[in-house]
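Inspection log for the structure reproduced underneath, given as structure tokens.
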Amino acid sequence: MTSVDEKPGSPPRAPASLSKAPTLHPSRWNTPEFYFYYVVFAFMVPYMFYVARSVSLESTSHYHEYEHLLEDGWILGQKVDNSDAQYASFRDNIPKLILLSIAFVLINRWLTRAQETASQRLHRLAALSLLTTIGLHGTSALKILTIITISYTIGKTAAGSFWNPLLSWTFNLGILFLNEWNNGYKFAALSPALAPLDEFRGAMPRWHILFKFAMLRLISFNMDYYWQVQKPRSEYKKNDDDLLALTDRDRIDLPCQAADYNYVAFLAYILYSPLYLSGPILTFNDFVSQMYVRSSNITRRFVVTYALRFVAVLLSMEVMLHYIYVVAISKTKAWDGDTPLELSMIGYFNLTIIWMKLLLPWRFFRLWALADGVWTEENMVRCMSNNFSAQRFWKSWHRTFNRWNIRYVYVPLGGAKYFAYNMWIVFTFVALWHDIELRLLAWGWLICLFLLPEIIGSILFSEKKYGNKPYYRIVCGIGAVANILMMMIANLVGFCVGLDGMKDMLVNIFGTTNGLFFLLSVSATLFVGVQVMFELREDEKRRGDKRYLM
């Protein structure tokens with residue numbers, strides 16, 4: 001269970017970028033080529049919104065098919081498409097979540113003592129988070145405590161032996177299946193005398209739906225402890241005197257002291273309220289490290305700016321849901337007779353709303369953690385529409401989960417040395433972690449299949465060998481267009497219309513002569529977008545912004 005690049009007992013590190021300075025190219029923003037691209041953008045982007053709005057109008061022939069899924073809105077008498085159950089559960093509870101987060105942060109600060117130790121802070125967070133969990137799940141908190149305590153016992157008992165990763169993974173994967181199979185369990189199933197316990201269900205009775213995030217933290221604790229036993233903190237070059245100089249990478253890679261892997265710290269980490277429901281995901285080492293020394297990344301200005309950004313995205317989402325009803329349209333497949341352009345816009349804006357419906361909860365809970373003094377990485381580093389590489393896409397989409405997979409799955413399986421093999425294992429796990437459904441397995445395997453052309457192409461047509469050729473950017477642009485189309489298909493299958501819906505949509509778009517002509521038009525438009533994406537990466541590279549690698 002060690003990385004091929006690490007000594008036995010060392011925790012795996014994510015592959016580091018090459019230290020060689022990147023090749024810089026002159027800016028193309030003020031060239032005739034890009035002036036043409038600006039004209040295309042100025043026309044196409046508003047037109048895309050116009051088409052999506054057109055298929056959502058009450059005057060269309062399909063409106064009656066999905067009207068029952070719409071609700072009364074609050075913007076200029078418009079209906080609102082609140083038919084996505086996952087986002088609706090967040091949207092409808094935003095006022096309660098805001099009150100809960102403010103209460104949690106204020107109580108936590110009120111109880112904070114001067115010169116407080118890390119241990120005292122962990123005790124307070126464990127108690128506060130446990131009370132929040134009871135409020136959220138009622139007596140089901142007992143089920144959660146039982147499961148996480150068993151996982152803790154496995155990790156502490158197996159310690160540095162190979163049984164730790166084996167039993168930790170087996171138990172936690174098994175729990176994911178059992179939780180789903182038993183629908184969260186019932187006390188009455190154990191004994192009729194316990195039936196009254198099922199009555200106190202809390203604010204969120206279906207605790208098992210989001211327990212998958214706790215499962216990631218359970219694995220993190222056990223694996224971080226496993227690596228700590230094999231290679232203690234004292235064997236690293238950086239010692240306790242360097243706490244203030246720790247980088248974000250050090251906080252993840254360097255183990256805590258052996259005494260830090262205790263039950264109170266474990267409870268505080270697993271149940272930490274701001275990140276409990278949906279992340280972003282933080283490793284145990286990182287979390288405890290911040291109990292000793294808070295991250296210097298957190299400033300009042302950053303938190304306030306981040307809060308304003310959250311509000312801006314929330315309002316943008318509200319406008320989208322009030323004027324573009326593509327979620328309801330896709331749920332009822334109300335697209336018979338629509339043109340290829342209309343069908344493609346239904347698909348595209350569905351993906352845009354999927355991106356925003358995930359971005360908003362993650363930003364809200366990250367904001368809560370930041371206000372409480374805990375730093376986590378941003379989950380969505382790039383806009384969904386600013387991606388052309390399948391490999392890079394997963395570095396910027398649910399980034400903390402991607403990094404978790406690299407640390408606890410990908411690198412222990414051999415990393416890049418066995419990439420062509422272990423990517424199937426990684427994406428199978430990712431699909432099953434999301435939900436135990438055939439469409440998600442299909443999504444995971446489609447992602448792997450669609451990664452292969454990019455991997456093979458990047459080997460045969462590498463930047464190192466061909467990067468200075470004038471045609472290199474053009475050929476890469478054509479490949480990127482194919483990548484984008486394949487990524488859209490895979491994500492629509494997994495998170496929107498499923499296999500049958502995707503087949504129906506593709507037949508309607510490309511099953512005619514007009515559809516094939518439309519495909520050429522779409523490809524040309526995407527090519528323009530890709531060239532702008534390339535230049536945005538070059539601009540980041542010139543500024544020294546590491547995001548150009550994503």
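The figures follow:
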{"read-out": "Pair residue 301, residue 198: separation of 7 Å Cα→Cβ label points (nm)", "value": "5.7 nm"}
{"read-out": "The range 266-349, accessible surface, carbon-and-sulfur percent (1.4 angstrom probe)", "value": "61 percent"}
{"read-out": "Contact order normalised by residue count of the chain, Cα under 8 Å, 6+ apart, percent", "value": "20 percent"}
{"read-out": "Per-residue [θ]222 nm for the chain (sum of -39500 (n - 2.57) over DSSP H runs n ≥ 4, rounded to 500)", "value": "-20500 deg cm²/dmol"}
{"read-out": "By average C-beta atoms within 10 angstrom, highest first, the peptides 214-224, 437-447", "value": "214-224, 437-447"}
{"read-out": "Compactness index (Cα Rg / 2.2 N^0.38 Å), the chain", "value": "1.02"}
{"read-out": "For the range 247-382: accessible area per residue (Å², 1.4 Å)", "value": "30 Å²"}
{"read-out": "The range 327-408 - Kirkwood radius from inverse mean 1/r over Cα pairs (Å)", "value": "14.8 Å"}
{"read-out": "Contour minus Cα-Cα distance for residue 466 and residue 186 (0.36 nm per residue)", "value": "94.6 nm"}
{"read-out": "Full-stretch length increase - residue 89, residue 75 - with 0.36 nm per residue and alpha-carbon distance subtracted", "value": "3.0 nm"}
{"read-out": "Computed E for residue 68/residue 523 - FRET, C-beta separation, R0 45 angstrom, nearest 0.05", "value": "0.75"}
{"read-out": "Burial ranking of peptide ranges 403-413, 417-427 (average Cβ count within 10 Å, highest at the top)", "value": "403-413, 417-427"}
{"read-out": "Global geometry of the range 424-550, whether rounded, prolate or oblate, following the gyration tensor of its Cα atoms and the 1.5 cut on a/c", "value": "oblate"}
{"read-out": "Gain on full stretching of the segment that runs from residue 456 to residue 507 - 0.36 nm per residue minus C-alpha separation", "value": "15.5 nm"}
{"read-out": "Among 25-35, 363-373, 45-55, 226-236, the order from most to least packed when residues are scored by Cβ within 10 Å on average", "value": "363-373, 226-236, 45-55, 25-35"}
{"read-out": "Residue 120 versus residue 313: modelled label distance in nm, points set 7 Å from Cα along the beta carbon direction", "value": "3.6 nm"}
{"read-out": "Prolate/oblate/rounded call for the range 408-456, Cα gyration tensor, a/c under 1.5 rounded", "value": "oblate"}
{"read-out": "The range 285-371, relative contact order [Cα under 8 Å, separation at least 6], %", "value": "46 percent"}
{"read-out": "Accessible area of the range 508-550 belonging to carbon and sulfur atoms, whole % at 1.4 Å probe", "value": "66 percent"}
{"read-out": "Where the range 92-133 is the region considered: accessible area per residue in Å², 1.4 Å probe", "value": "62 Å²"}
{"read-out": "Relative contact order [Cα under 8 Å, 6+ residues apart], the range 16-148, whole percent", "value": "8 percent"}
{"read-out": "Protein accessible area in the range 131-217, 1.4 Å probe - carbon and sulfur %", "value": "72 percent"}
{"read-out": "Förster radius 22 Å - calculated FRET efficiency between residue 514 and residue 336 (Cβ-Cβ, nearest 0.05)", "value": "0.90"}
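The values are calculated or read from the model by the stated rules, or taken from the named source; none is laboratory data. All figures in this text were calculated on a predicted structure; none of them were measured in a lab. Here Cβ is always computed from backbone atoms with ideal geometry, including for glycine, and neighbour counts include all displayed protein chains. Note: areas computed on protein heavy atoms with side chains; ligands, DNA, RNA excluded. Shrake-Rupley method; radii C 1.70, N 1.55, O 1.52, S 1.80 Å.
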